[in-house]
1. Say R0 is 30 Å: what FRET efficiency, to the nearest 0.05, do TYR183 and LYS353 get from their beta-carbon distance?
2. State which stretch of the chain is the longest one without any exposed trypsin sites (Lys or Arg not before Pro), exposure meaning a DSSP loop state and at most 16 other Cβ atoms within 10 Å.
3. If you take the alpha carbon radius of gyration of segment 38-83 and divide it by 2.2 N^0.38 Å, what ratio comes out, to two decimals?
4. Defining a contact as two alpha carbons under 8 Å apart and six or more residues distant in sequence, what relative contact order in percent does segment 66-325 show?
5. Where in segment 234-277 is the amide nitrogen less than 17 Å from a point lying 7 Å along the Cα-to-Cβ axis of GLU196?
6. Compute the length gained on full extension between ASN386 and HIS428: take 0.36 nm times their separation in residues and subtract their Cα-Cα distance, giving the result in nm to one decimal.
7. What is the pair-distance distribution P(r) of the chain, computed from all Cα-Cα distances in 10 Å bins starting at 0, with each bin given as a whole percent?
8. Set the Förster distance to 45 Å, then compute FRET efficiency between ALA205 and GLU30 from the Cβ-Cβ distance, nearest 0.05.
Amino acid sequence: MNPPATITFDGRKQNPNDPNVCSYYFLPDELKVVRGEGVYVYTEDGRRYLDCSAGTFNLSLGYSHPEVVEAIRDQAGKLIHVTSKFQTDPSNALVRALAEVAPPGLTKVHLKASGGSDANEGAIKIAQHVTGKSDVISLFRGHYGQTIGMIQASGAAFRRKPFTAQLPGMLHVPDPDCRRCFYKQERETCGLLCVERINDFIDYASSGRVACMILEPISGLGGNLVAPDGYLQALRKLCDERDIILIYDEIQTGFGRTGHMFAADYFGVAPHMLTIGKGLGGSGMPIAGILMEERLKGVEGYHINSTYGGNILASAAAVKTLEVIRRPGFLENVRAVGKHIMDRLNAFAPKVKFISNIQGAGLMIGVDFVDADGNPDAKLTNHIANVAQDRGLLMRTSLYGFGNAITIRPALIMTHAEADEMLDIFEHLLLDVAEGRA
Ligand SMILES: Cc1ncc(COP(=O)(O)O)c(C=O)c1O
């Protein structure tokens, strides 16, 4: 048995050699959050922060949305858990609502996942089962989760570097990053070479048995990078021609983030399968799943399952979340506030030298920062995020701090006034950084 522990939650003060001390495995930020409401969180010592990242990009309805809280409370009084072998009112209602909002053709709903990583793994399992093939294509800078399988699919080597386990059959191809095209092309004349070249990867770098391709239609970790015009159409065509299941990871882009229900709707191109998570939980309930074409059914339930998959409390929250998102005016607000933020940022950008690009869709916006030579500047980007936090804005940077974009993905209920409050602080601090005051 361990000796009685002196608990410290501040790893910085802890003596690692003292056997009586226990603490977090990792080192959390010093902020201790006690309450959240809408786009704001409040700390124990009374500070208020405007969260520009909607928690972990998952609080589509913001902190503690009253209707979601009420739905959870109501359901908790009736039933919190039953094995997912059985139907329940919340899970039936959720399947029905998801089928109603799903992109064309995606009529089958799989709800036995609780997080995005296992939804993605489930989608890949289904693709492998249905096609009888093995390999998975994914994009540079893509992010699909934290399990060993999903870090393997991930398009960033730093995620795999500390771990020895390797899964074969994961094929990474250049993403459509027109800011610095892998093939050194210009979009106007490239003919979407980045799609064309995927044929070469399939023919020469794969096992010859490619089951599926998974990608985020807007790359979150890549700095909210929007796929260029025609890219998804061309990809869908290639996948259809080569019998490859096209999977959109809409764990970030789903449920209104782009100003449309799904990024598939924003681009007007449906995949064969689509994974969901994050925003579906409304104010943070853990729920994830897979939407797919009817022909992809057939994998037994016990192959894709988890104890908390399709959790009833989370399903009740999700049903309410979908109801709110589907109300008249909700998605219009996302588009209008997103455009307002974009317009203000574009008008501001020429005032400082270090903004190289602003990209995004709806309330999924990225601002890229570069050094004096025009090269991506992750150090400056992280500095800006730190100054922002000192001034009451919670902002995240791309590629887990290794990237050069500040990502703005607030709760979808953000108002114009809240957007202006965020931008006033942001623009002011950017001027201070530019002029050496911060
Ligand atoms: C695009 C994308 N896919 C998958 C995941 C994994 O989801 P989860 O953390 O719920 O497993 C994330 C999480 O950040 C994500 O952003």
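1. Details: r = 28 Å, r/R0 = 0.94.
For TYR183 and LYS353, the calculated efficiency is 0.60.
2. On the way: sites that count: LYS32, ARG47, LYS78, LYS85, LYS184, ARG187, ARG197, ARG209, ARG242, LYS297, ARG326, LYS353, ARG391, ARG437.
In short, 86-183.
3. Rg over 2.2 N^0.38 Å, computed on Cα atoms: 1.47.
4. Relative contact order of segment 66-325: 32 percent.
5. Correct set: 234-239.
6. On the way: separation 42, 0.36 × 42 = 15.12 nm, distance 1.41 nm.
Residue separation times 0.36 nm, minus the Cα-Cα distance, leaves 13.7 nm.
7. For the chain, the pair-distance distribution reads 4, 20, 30, 27, 15, 4, 0.
8. On the way: r = 46 Å, r/R0 = 1.02.
So, using R0 = 45 Å, E works out to roughly 0.50.
The values are calculated or read from the model by the stated rules, or taken from the named source; none is laboratory data. Not measured: the values here are computed from a predicted model. Glycine gets a Cβ as well: all are built from the backbone with ideal geometry, and neighbour counts include every protein chain shown. When the accessible area is computed, the model is the full protein with side chains, heavy atoms only, and any ligands, DNA or RNA have been set aside. Shrake-Rupley method; radii C 1.70, N 1.55, O 1.52, S 1.80 Å.
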